[in-house]
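Nothing in this text is a laboratory measurement; each read-out follows from the coordinates by a stated rule. This structure is a prediction, so every number in the text was calculated from the model and none was measured. Glycine also receives a Cβ, built like all others from the backbone with ideal geometry; neighbour counts cover every protein chain displayed.
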Amino acid sequence: MPILHRTEDPHQIYTEAFRHLSVNGQPPIVVASRLKAYTSSYYPVRVVLSALAALFLVVDIYRARPRQHAVFVREFWTIPLLVTAPLIWPVARSVLFNVNHNLTGASDSVPWPIRLLARLGFQFVLFDGASSLAHFPAQVRPSLHTPLFPSVAPPRPRLGHALPIRVGLVGSIGSIGAKNELFFRKLTQIANEEDIELYYGARDDLPEPLRLIDGLRIYDTRSRENFRAYLELLDIAIFVASAESYYYRHSGTVMDAVSSGVIPVVPGFPVLRSQVSMPCPVGVYYDAFNQLPNAVCNAVAEFKTLSTNRTTWHGARAMAEIILGPRT
């Protein structure tokens, strides 16, 4: 087993989106982790990677700042950022940190390092987070910016669908748990609909309960090219995510799906709901697994309207604009 191995980011549109940012009317310099593509099965190696990435991040921030009035940090690890915070603090008010995996579950569990950094003047961006901002601790809110996540690829024109309707699963089925009988029972109900073909985009081994669903079609999505082809195959995509992982987290896959002409069906978590409904609906959401079949039916019934809305949705998200106070 190799000590290091590379991972591939399937979200091409998501990556491009970070170039469509405006801070006080000017594009910031976007800084990404130099070691983002590497991971390891060995914990000590992952610790070393995180430490090196944090040090590189400090260097990159100071290298970028003289060339532009603001720096946008695409991703960061919370604890390493806390450790290196004294080095970044002198320029913290002109640096924006993208919050994604760092905020996951309920708002009262915002990690204490982020609460501390916010009180020290660090600035964070939570895309599509406006509707949930009031639920965050008071000391965090002034440091959170909540623009709509930019849509950089004009949606593929698609106002109708052929029969059978292709419905695909996207996300981590494992996060739901193999023992969640209701979830898999509802998937079986969807698969048994006369005019529906149910697909599963697999990046890992097929979860055992999915093997029991008759007629389920498997599509290999381990490469970026295959993932894009999978989305373009579908009419409707059911996004599967747990509240522990995605309650306050935006999804690049949702952006990819909309640009591919797919109707996303997402959990009704605040940020995901905003992604498919602001400024106009381009998808539907479900609040519980027993609502999944109805959500898919609604997506089918509203297919043309939701597809037509994509032009307005894309136009409103062409640029994410952020306003910062005076540079210190």
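Remarks
- Highest average packing first - 26-39, 233-246, Cβ atoms within 10 Å: 233-246, 26-39
- Using the Cβ-Cβ distance between Leu87 and Ala32 with R0 set to 22 Å, the FRET efficiency works out to roughly 0.75.
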